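See structure below.
The values are calculated or read from the model by the stated rules, or taken from the named source; none is laboratory data. Nothing here was measured: the structure is a model prediction, and the numbers come from that model. Please note: Cβ atoms are built from the backbone with ideal geometry, for glycine as well, and neighbour counts cover all protein chains shown. Only protein heavy atoms, including side chains, enter the accessible area calculation; ligands, DNA and RNA are left aside. Shrake-Rupley method; radii C 1.70, N 1.55, O 1.52, S 1.80 Å.
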Amino acid sequence: GNATCGAYSVATACPGGTFNPLESQTRIEACIPCGETFVMSNGLLISNDTTYRGYYCPMANSSVQIKCPAGHFCLPALAAHVECPGGTYRQSEGGHELASCDICPETM
């Protein structure tokens, strides 16, 4: 008998600013915005705390998030970290908003 080939789905790469910790996903909806507090995947809540705040995903097809470097903050769903503006700084990793940058102390 003749065998017919079935339609195979191709894995979909997540765009920069998103990630997917699960393998073999074929829908863009499976991509999760990096740095979100409420993280959903395939309709299931993965996290509802601050676990993912202060992370970014700089490249397409990310399966992990990268912690925001010191001196920067990372807004949800952005593919790049943002440098703290002049007159401010951040000593530790994981800044998640502009308020994460501290005002520089005045020098004497």
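Worth a mention:
- Selection count where residues are within 13 Å of the chain's Cα centre (by Cα) and open to solvent by 40 Å² or more (accessible area, probe 1.4 Å), scope segment 47-78: 17
- Of all residues in segment 38-60 being part of a loop (DSSP other than H, G, I, E, B) and out of contact with any strand residue (DSSP E or B) (no Cβ under 9 Å at 6 or more places or on another chain), the one that is modelled with the lowest pLDDT: ASP49
- If you go through segment 79-89 and keep only what is within 13 Å of the chain's Cα centre (by Cα), over 14 Å from SER100 (Cβ atoms) and open to solvent by 50 Å² or more (accessible area, probe 1.4 Å), you end up with just ALA80.
- Qualifying residue in segment 16-35 (condition: in a loop (DSSP other than H, G, I, E, B), surrounded by 12 or more Cβ atoms within 10 Å (Cβ to Cβ) and at pLDDT below 70): no
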